[in-house]
Amino acid sequence: MGLVYLGTSPGGRKVAIKVVHPHYASDPKFRSRFAREVAAARQVGGFHTAAVMGADPDAESPWMATAYIPGPSLDQAIARRGPLDEAGVRKLGAALAEGLAAIHDCGLIHRDLKPSNVILADDGPRIIDFGIAKGTDTTALTSSQVIIGTLRYMSPEQLRARKLTPASDIFALGTVLAHAATGHDPFDEQDIAVVSQILNDPPNLNPLTGHLRDIISACLAKDPSERPSTADLLARLNHPRAASEPARDATPEPVPEQITPPTLTAAAPARNPQRWRSPPRTALAAAGTVAAVGLATLGVLLSHNHPATPRSATGPLPTTSRPVTRPLPTTSRPVTRPLAATSWSATGSLAATFNTTSTAISSVAFGPSGTLATGANNGITYLWNTTTGKITATLTETTTWAFVNSVAFGPGDTLAVGDSTGSAYLWNTTTRAITATLTDPTTRYVSVLVAFGPGGTLATTDSNGDTYLWNTATHKITATLTDPASRGIHSVAFGPGGALATADSNGNAYLWNTATHKITATLTDPASGGVSSVAFGPDGTLATADSNSDTYLWNTTTGKVTATLTDPASRDVSSVAFGPGGTLATGDYNGRAYLWKITYRKS
């Protein structure tokens with residue numbers, strides 16, 4: 001959705017300030033959704049949630065400030081300390097049931113209750129993130145027929161796109177309590193398989209026994225009419241043998257015993273609010289990514305599933321930081337000059353998928369011998385063997401709350417990693433040690449992207465609209481290129497002859513002459529989406545990825561799009577990179593990297 005800053009109120013209270021990214025601020029539908037989130041959080045109040053201290057959904061850069069809640073999210077706590085004992089689960093369940101009751105009393109359904117949306121404060125759990133909360137008179141679908149939520153915590157009726165009742169949140173509560181009690185999710189299949197599991201299979205609650213297992217099982221009933229109400233849950237959790245029969249919620253929606261997963265068209269998806277630079281998963285970040293999934297599409301992927309190494313974000317956040325609030329330009333420029341003299345067209349087909357499960361991939365890059373590097377929002381860079389689909393190494397950020405924005409291979413064994421704290425690290429991939437640290441000259445907490453050019457030149461970009469060219473031998477800046485729209489740079493890449501491409505949130509990719517430091521061409525995204533990534537390929541091919549789940553291949557001679565590759569999961573594409581043998585890698589916010597086979601035809 002944007003960036004979340006730690007700040008202080010005039011009276012000295014700590015607050016979390018969520019500032020929406022400019023490319024979402026320009027989307028009226030997104031503004032409406034953000035306004036609903038603000039209204040929902042205000043309705044419920046601060047006893048069970050993070051209290052809203054101030055907000056302006058109509059500002060040029062929409063923002064919301066809430067009370068800062070110190071403490072880990074539930075999933076972080078379980079990952080560090082293991083499952084809760086029975087007393088702890090009962091106490092947690094009672095607090096969350098009370099919180100859901102307050103939400104439902106406001107006429108709302110949360111729709112995305114999960115362990116990462118529960119913060120364990122000193123005075124009790126808080127339910128956060130009302131980004132997809134809805135009134136009780138709405139269904140689970142958006143107008144584009146895309147299910148909104150997080151698959152493994154959805155109720156059967158939510159997956160079936162039925163009208164929801166508060167019982168849907170009770171099902172989600174059952175999954176949260178099961179996770180807290182066992183350390184694993186009750187429905188834990190990967191990707192689309194979890195849908196069938198939720199609809200047809202009993203939950204895996206082992207090793208739970210006794211009354212607590214019965215309570216959680218009741219929450220996870222397929223039929224919403226068989227789930228307990230919040231009042232009944234409070235009675236049963238506080239008094240183990242009380243209320244043996246769950247109370248029935250009004251207007252239940254019956255569910256058949258055996259149901260096949262629905263087939264939905266993966267049309268224009270609901271946007272991932274954290275498209276191009278995902279914040280760390282801390283108490284501030286409304287932890288967790290909201291999935292917008294076209295279910296029919298996921299079933300066709302060729303997957304190599306390798307779970308990411310768990311890593312908690314526990315370090316302190318910066319005390320000050322300034323968002324960029326420059327106005328959007330009113331016009332975009334057409335292509336002004338070609339780069340090459342070759343005319344060609346291209347087609348692409350999906351070849352393989354590399355899966356980091358719940359970890360969103362922010363950047364991909366090819367290295368020696370077909371090695372693939374993927375940078376993730378948990379602060380880890382993974383090195384993959386693209387032949388076996390196996391992870392061969394993990395490089396972990398030195399700052400505990402940082403996340404990886406960009407990765408790029410350089411000369412020899414060098415890998416550059418740009419992070420969210422304003423630094424670029426040079427790694428030796430053989431020794432797996434950092435050899436140098438280059439810090440953004442603005443000294444602000446900005447998002448740094450990296451790319452290697454001729455002679456070991458390193459380009460880094462920041463969210464203030466500047467691209468810096470570094471001499472990696474002296475660690476000095478040799479030139480500064482400023483985005484013409486003064487927008488934050490999303491991606492940078494070197495091409496033939498030292499050409500440089502940058503992409504910004506205005507939906508433009510700029511081609512630069514690094515000798516003259518002048519722009520030679522401007523390519524505007526066909527769907528008017530923010531350009532998240534650029535990469536050069538054979539014959540000066542330029543690939544650009546946008547926020548509409550598409551990757552475009554451009555002929556820079558004609559300034560025309562020659563091929564469009566659509567993300568199989570209909571998610572925002574965060575990064576693109578060309579590899580050997582006509583291979584293109586794309587990474588998305590489903591946590592997957594896709595390999596595409598590109599075929600070129602001279603014309």
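Every number in this text was worked out from the coordinates using simple rules, so none of it is lab data. Fair warning: this is a prediction, and the values are worked out from it, not measured in the lab. Virtual Cβ from ideal backbone geometry, glycine too; neighbours counted across all protein chains shown.
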Straight-distance crosslink candidates among aspartates and glutamates, where the alpha carbon sits under 13 Å from Lys18 and sequence neighbours closer than 8 are dropped
Glu37, Asp56, Asp129
Could the peptides 407-413, 169-175 be put in order, highest first, of the mean number of other beta-carbon atoms found within 10 Å of their residues?
169-175, 407-413
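Got a sec? How would Glu37, Glu226 order by Cβ neighbour count within 10 Å, fewest to most? Mind showing how you got there, number by number?
Values: Glu37 23, Glu226 17.
Going from sparsest to densest Cβ surroundings: Glu226, Glu37.
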Pull up the cross-link candidates among the lysines for Lys476, meaning alpha carbon to alpha carbon under 20 Å and not fewer than 8 places away within one chain.
none
With the crude spin-label approximation of a point 7 Å out along Cα→Cβ, what separation in nm comes out for Lys91 versus Ala231?
2.7
For Thr435, other-chain or 5+-apart residues with amide H closer than 5 Å (H placed, Pro excluded) are Leu426, Trp427, Asn428
Rank these for me by crowding, Phe452, Phe354, going from fewest to most other beta carbons within 10 Å.
Phe452, Phe354
Give me Arg13, Arg227, Arg213 sorted ascending by neighbouring Cβ count inside 10 Å, so fewest comes first.
Arg13, Arg213, Arg227
Towards the positive end of the charge dipole of the stretch 337-602, with charges on Cβ (+1 Lys, Arg; -1 Asp, Glu), say which of Gly497, Thr482, Trp427 has the farthest Cα.
Gly497
